[in-house]
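A.B. asks: Can you keep this structure in mind? I'll have questions shortly.
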Amino acid sequence: AQDQDPAFVKGGILSTLLTPLRPVRDGTPITGIDVSSIKIGTTEAGAVYAVRGAVVLNVNNEYRYLRFGPLPFHITRKNIRELFRELSKDLSFNFSFLSQIEPQSQLCNLVERWLQACVSHLARGSIILWDGSLTAGVPGSRTAELSKILKAARENSNVVMAFSKDTTVRFLDRRITDLVAGCGPPCLFEIDSLPLSSPNFMRFLGRIYVAKLAKGGCAFRLDIDRAVSREESIAAVERLLGNELVYQGYPETLRLAHIYSTFTASDVIGIQRFLVRKYGLRLVVRRNMHRTLFGPYGSRLGD
């Protein structure tokens, strides 16, 4: 069945949903945002996490970046509510829903939404790239907060796009990214009007496409702000192609934002040493019970 996908799209009724793209170079600024988090260690009262975000700006193929963090947080049962209330205060967002997910994801989502809101208010006439999707209703993404950020972006003549490296959305039990397997890039396959299989509690604030942007590259789920018209959405992707490097079908600004936000082993050691010197903490290596009990047969993925 997978081998029939290209013919299924190119020769059938679904071919009307396939749009070839033509790069348009006009100097449109491209901004990519990504955030990552890591667990630094545990304490008697809770755990220490660190969050770092990166914003990468590309103007006429000149790349600049700004890093936020690493920001360390000591989270305990006693301070967790007050901490998140204080962190979300300046955003005027209701982040009480974040209690549904674990603290590390809470911190990451909070900082990411803060960066997305800041860029949406400050950027003008830009294409703003997010990692992930424009889906609300899932833990860490409420409709009101996401809609507010997208509205701010539109008011400043920006277009928000979100690239997903993986997606659970399917059509006729196929991954949507498989549908363009035999189609020539660059192209967009619009799946928004198709009967998709996804949980009922999800609300899609973006028009959903499958984007295949480079020869030999991968296909990605691409969400574009639903309040932007279909014609403007396609034109925005053509401007993205004309003003951005696309490696393996993935925008370079977003790739760099991921690299600059990701933590390395050296980063973790540096943060630990900083906390030891700043607050007089003592590092204690935790015993690995699996290795103690089972020797070489006790290692697990990630140990």
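The values are calculated or read from the model by the stated rules, or taken from the named source; none is laboratory data. As the structure is a prediction and not an experimental result, all values here were calculated from the model. Quick reminder, even Gly has a Cβ in these numbers, built from the backbone with ideal geometry, and neighbours come from all protein chains shown. Note: accessible area is taken over every heavy atom of the protein model, side chains too, but ligands, DNA and RNA are not part of it. Shrake-Rupley method; radii C 1.70, N 1.55, O 1.52, S 1.80 Å.
A.B. asks: Of everything in the stretch 171-186 that's free of Cβ contacts under 8 Å to residues at least 60 places away in the same chain and under 14 Å from residue 219 (Cα atoms), which residue is least open to solvent (accessible area, probe 1.4 Å)?
C.D. replies: Per the stated criteria, the residue is 176.
A.B. asks: Could you look through the stretch 227-275, keep only residues that are at pLDDT 95 or above and basic (Lys, Arg), and pick out the one that is least open to solvent (accessible area, probe 1.4 Å)?
C.D. replies: Restricting to residues being at pLDDT 95 or above and basic (Lys, Arg), the top hit is 239.
A.B. asks: Given the condition crowded, with 20+ Cβ neighbours inside 10 Å, modelled with pLDDT of 90 or more and either aromatic (Phe, Trp, Tyr) or in a loop (DSSP other than H, G, I, E, B) (or both), answer yes or no: does some residue in the stretch 141-149 qualify?
C.D. replies: The answer is no; no qualifying residue exists.
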